[in-house]
Amino acid sequence: MSIADYESVIGLEVHVELKTKTKIFCGCSTKFGAEPNTQCCPVCMGMPGTLPVLNKEVVRLAVKAGLALNCIIEKNSKHDRKNYFYPDLPKAYQISQYDKPLCSKGFINIETENGTKPIGITRIHIEEDAGKLIHNENGTLIDCNRCGVPLIEIVSEPDLRTAEETVAYVQKLKNILECAEISDCKMNEGSLRCDINLSVRKKGETEFGTRTEMKNLNSFKFIKKAIEFEFARQVEAVEKGEKILRETRRFDEVCGKTFSMRSKEDAADYRFFREPDLPRIELSDSFINEIKTEIPELPDEKKARFMKDFGLNGYDAEMLISNRVIADFYEKAVNKTEFPKILANLMISELPKIFTDEQIPKTEPINSEFYGEVADYLGKNEITSGTAKMLMQKIATDGIIPHIYIDENNLRQINDEETIKKLCLTEIENEPKSVADYKKGKTTALKALMGKVMRATSGKANPNLVQEILEELLAL
């Protein structure tokens, strides 16, 4: 059998740092990037005689996440103590939630090549983060700044089947959480990271295979690569008759492979028990309803509106809403153009080249309405697509005003048929070999002639008109 005869079964545990100013059980700052061990206190260090006090904002944001992800909210939940040797958590246990999570039984929809697919969310619970170990040539150091930073853990059902679906799921989660201002989701700072549980089975089978867990993936690129490698590794092992071990693995970003960290076959029970130092979490209907009113228009709602109001197809609308800032740019720019579909295509194709996820400004240093002006020029055939792409870049990086820049640099498209005809005749005369090749049936020769005409006009000739006139002249 081949790898094409197998499928992966994937479930995710996504850890998300909540957007609070202070930690979950104390008043220490959660600000990223401080000097090591400057944002910790006896409470988050677990010193004897200290007691935790739950941050109400943590509960509010966790409930907000549950509502945004279509979950049932548990009105009466509790904290549990998870006993495990955490070398980067001084008290050596973690306060989390076990059998009474705050949120459960939710879902989100992702777009696949076969259409919309719902992905179930088993639970969302709140917990504290651990610190950070720093390894160097002198040994291992500990930074306790992150101890007690509030997290939600979003656990999915094993509904994902491919790396592409998994990336789409994490992207959708990120978009929803950013949109609802639950987390900044800065993956490069560890605000959103995921553990991937993956097993393989032959297509058509219903039983799950033995799964492995890949820890702490914090980029879409590495999530995709880790899944692709681990899927291929497990299929190869099964084909050889080898046993898949239940284990935790790490993904090496340099070589693109996963490596075993520790076996989970004989893992000791976490010995969860009710956290004795914290009261139960009891939520009122009025508290939950108040949070519902704070939830803005979410990505799926925005997508439906974009399709209805601007005539976009599902793919284009999904691509636009996949980043909240780009979606906001589009909404401001679309009011300045008669061509909303052209504007969408420009933004989808060009803005990701201009900005990475982390570089897209959270406040608007550019006038996004100028993008609408570019779409109008392109839609009215006053500039070429190449010029439009260049202007998109210039708006973002140099803050140019399109109509001024176009006139100052003589960038308007040449649409005069006589002018283009003269240029075409010149290139036909100068390129007899290309003409002969075209008449022998080599269609690439036409592209060569078109390229000559476009270069002669610095890319300003209407390419459709150039092609039409060349075809007419070469048919004589």
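The values are calculated or read from the model by the stated rules, or taken from the named source; none is laboratory data. Because the structure is predicted, anything quoted here is derived from the model rather than measured. In this analysis, Cβ positions are derived from the backbone assuming ideal geometry, glycine residues included, and neighbour counts consider all displayed protein chains. Please note that ligands, DNA and RNA were not included when accessible areas were found on the heavy atoms of the full protein model with its side chains. Shrake-Rupley method; radii C 1.70, N 1.55, O 1.52, S 1.80 Å.
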Expressed in square angstrom to the nearest 10, the accessible area of residue 272 with a 1.4 Å probe stands at 60 Å²
Rounded to the nearest 10 Å², the 1.4 Å probe accessible area of residue 29 is 40 Å²
Helix 56-68 sits off the longest principal axis of the Cα atoms of the chain, rounded to the nearest 10 on a 0 to 90 degree scale, by 50 degrees
Quotient of Cα radius of gyration and Kirkwood radius for the chain, i.e. Rg/Rh, equals 1.08
The lysines whose Cα lies under 23 Å from the Cα of residue 82, excluding any fewer than 8 residues away in the same chain, are 23, 56, 91, 100, 105, 132, 215, 264
With a 32 Å threshold on alpha-carbon distance, the violating pairs from 292/389; 221/302; 21/75 are 292/389
The helix 463-474 Cα axis meets the longest alpha-carbon principal axis of the chain at an angle in degrees, between 0 and 90 and rounded to 10, of 40 degrees
Residue-normalised 222 nm signal for the chain, counting each DSSP H run of n ≥ 4 as -39,500 (n - 2.57), nearest 500 deg cm²/dmol, is -12000 deg cm²/dmol
Counting Lys and Arg as +1 and Asp and Glu as -1 over every other residue whose Cβ sits under 10 Å from the Cβ of residue 339, the net charge comes to 0
Judged on accessible area alone, 1.4 Å probe, highest first, 224, 243, 292 line up as 243, 292, 224
Dipole check, the chain, charges on Cβ (K,R +1; D,E -1), about Cα centroid: among 182, 244, 40 the Cα furthest to the positive pole belongs to 244
Rh_Kirkwood(segment 294-339) over Cα pairs, Å, one decimal, evaluates to 10.8 Å
If one compares the long axis through the Cα atoms of helix 324-334 with the longest principal axis of the Cα atoms of the chain, the angle in degrees, nearest 10, works out at 30 degrees
